[in-house]
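Read-outs throughout are calculated quantities, based only on the coordinates presented, and are distinct from any laboratory measurement. All figures in this text were calculated on a predicted structure; none of them were measured in a lab. For neighbour counting, all protein chains shown are included, and Cβ atoms are generated from backbone atoms with ideal geometry for every residue, glycine included.
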Amino acid sequence: MLDRTASVGARLRAAPPDRLPEVAAQHLREHYAADRIEVLLGDLSLTALVPVLDPEGATGGAIEQRCFGSQLPVVDTRPDGPARVVLPLTVWGDRLGVLAFDIDRPVTPELTAELAALAGELAMALRTADRDTDRFHQARRRQRLTMAAELQWDLLPGRSLNGERFRLAGALEPAYAVYGDHYDWSVTGDRLTVTVLNGHGDGIEATLLTTVAVNAMRNARRSGAGIVEQSELASDAVYSRHGGKAYVATLLLEIGLTDGTVEAVDAGSPKAMVAHHGDIRPITLDQQLPLGMFGDNRYQTQKFQLEPGDRLLVTSDGVHAAAPGGRGEFGATALLTALRRTRLQPPSEAVGTVVRSLREFHSGVDPEDDAVIVCLDWLR
């Protein structure tokens, strides 16, 4: 097992970044006599699995979607033919897609583990290759992005992240025409920083505003600063550029992964709620000024506590304040109903459930705002 897994890893590292699927497919043919091989990547809205080796081929069907959703290998055995094997392509909890192929031999647990390790090598290579080829970006988009959306997607950290003590996922909606809403996260040691932003205005100006704020906060964070200094540096950067005419509503959270203590800077409209054993409660914080509204904005932290097994949901105002056609706000009742539906789902599936509920709530009415949803499970 180790020799064949190491072999494919070496071949992937030596390959051009745009040829990784072909290299993996050739390895599967040579070492496992595999056939009908396909790499399928999740599209930007995570509603379809799109083929890469044969771009004109069919999108992923039921077993591919089952593997992608469960994040477990699926082996479809048939008495009159080869088995269909589908394996998740996932890196640190970030779901990229699936690897699917036929194999005409008994698929034992040992062989499944070996093939899953191979898929893990391919997933890591695909994630790295995104910096140097457009091939996989092109495969994931099913229509052209606006310029604002292009900037936003490049700025995102990923769509999900898993650690020993937490599971985390985010969603950006609508995928192909987002503007100023955004999320960011970073884990270092026993601290997880999560940020949800809602940039003022719309179009590319809102995206540029958010880009300044996010990079200012990253600059402070990567210099070792806490969330207060991150907020203040970002506020100063936005104010120096716009003079208070544009600003960024932001919620910054720093979660202690060993004890569940959360420090927060509430600088605007994103809202948080916690689900605890079926009980859902809003997190009430003293709201401070949005980043960049005034010069020399200064911020203070507030604290709240997570318990083991708690689910924390953070939404931008495009979610909780959505009121299409003059209806009541989505956050008043529909969001709570959607959150209850996610009780048995991991965060990577839960954010999709909330997105679908938001779409249904609009009932064909175009959203007036873009939306961000971030879901965190603290496992301890």
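Would any residue of segment 265-284 have its amide N under 14 Å from a label point 7 Å out along Cα→Cβ of R191? List them or say none.
265
Order these by the 10 Å Cβ neighbour count, fewest first: D134, D370, D377, D102.
Least crowded to most crowded, the residues run D134, D102, D377, D370.
Explain nothing, just the number: dipole magnitude of the chain about its Cα centre with +1 on each Lys and Arg Cβ and -1 on each Asp and Glu Cβ, in debye rounded to the nearest 20.
Roughly 280 debye, rounded to the nearest 20.
Cut-off is 10 Å between beta-carbons; in what order do T210, T301, T258 appear when sorted fewest neighbours first?
So the ranking, lowest neighbour count to highest, is T258, T301, T210.
Please name which of P282, S363, V86 has its Cα lying farthest along the dipole of the chain towards the positive end, using unit charges on Cβ (Lys, Arg +1; Asp, Glu -1) and the Cα centre as origin.
Positive-most Cα among the choices belongs to V86.
Where nothing but the Cβ of Lys and Arg (+1) and of Asp and Glu (-1) is charged, how large is the charge dipole of segment 1-112 around its Cα centre, in debye to the nearest 20?
Result for segment 1-112 is approximately 260 debye, rounded to the nearest 20.
Distance from the Cα centre of segment 92-147 to that of segment 1-76, in angstrom?
Cα centroid to Cα centroid, the span is 5 Å.
Calculated FRET efficiency, V365 and R131, Cβ-Cβ r, R0 45 Å, to nearest 0.05?
Calculated transfer efficiency: 0.75.
Please list, by residue number, everything in segment 78-121 whose backbone N is under 20 Å from a paramagnetic label point 7 Å out along Cα→Cβ of L379.
88-97, 113, 116-117, 120-121
For segment 2-139, just say rounded, prolate or oblate: build the C-alpha gyration tensor, square-root its eigenvalues into a ≥ b ≥ c, call rounded for a/c under 1.5, and beyond that prolate if a/b exceeds b/c, oblate if not.
oblate
Please give me, ordered by residue number, the trypsin sites (Lys or Arg not before Pro) of segment 72-143 that lie in loop per DSSP and have at most 11 other Cβ atoms within 10 Å.
Here the trypsin sites (Lys or Arg not before Pro) that fit, given the DSSP loop and packing criteria, are R131.
Just name one of G189, T133, N219: the one whose Cα is farthest towards the positive end of the charge dipole of segment 119-244 (beta-carbon charges, Lys/Arg +1, Asp/Glu -1).
T133
Could you tell me the calculated FRET efficiency between F304 and N215, based on Cβ-Cβ distance and R0 = 22 angstrom, to the nearest 0.05?
Working from the Cβ atoms, E equals 0.20.
Using 0.36 nm per residue of separation minus the Cα-Cα distance, give me the extension gain between R36 and A332 in nm, one decimal.
101.7 nm
Taking the Cβ of each residue in W378, W92, W153, W185 as the centre, tally the other Cβ atoms inside 10 Å and list the residues starting with the fewest.
So the ranking, lowest neighbour count to highest, is W92, W153, W185, W378.
What is the calculated FRET efficiency for R281 to R29, with r their C-beta to C-beta distance and R₀ = 51 Å, to the nearest 0.05?
For R281 and R29, the calculated efficiency is 0.40.
Okay, helix-only estimate at 222 nm for the chain: each DSSP H run of n ≥ 4 adds -39500 (n - 2.57), divide by all residues, round to 500 deg cm²/dmol; what do you get?
That comes out to -11000 deg cm²/dmol.
What distance in nm lies between label points placed 7 Å from Cα along the C-beta direction at D236 and D76?
Rounded to a tenth, the inter-label distance reads 5.8 nm.
Just how far, in whole angstrom, is segment 188-245 from segment 276-297 if you go by their alpha carbon centroids?
15 Å
If you keep only loop residues by DSSP, which GluC sites (Glu not before Pro) in segment 306-380 have at most 16 other Cβ atoms within 10 Å of their Cβ?
E329, E368
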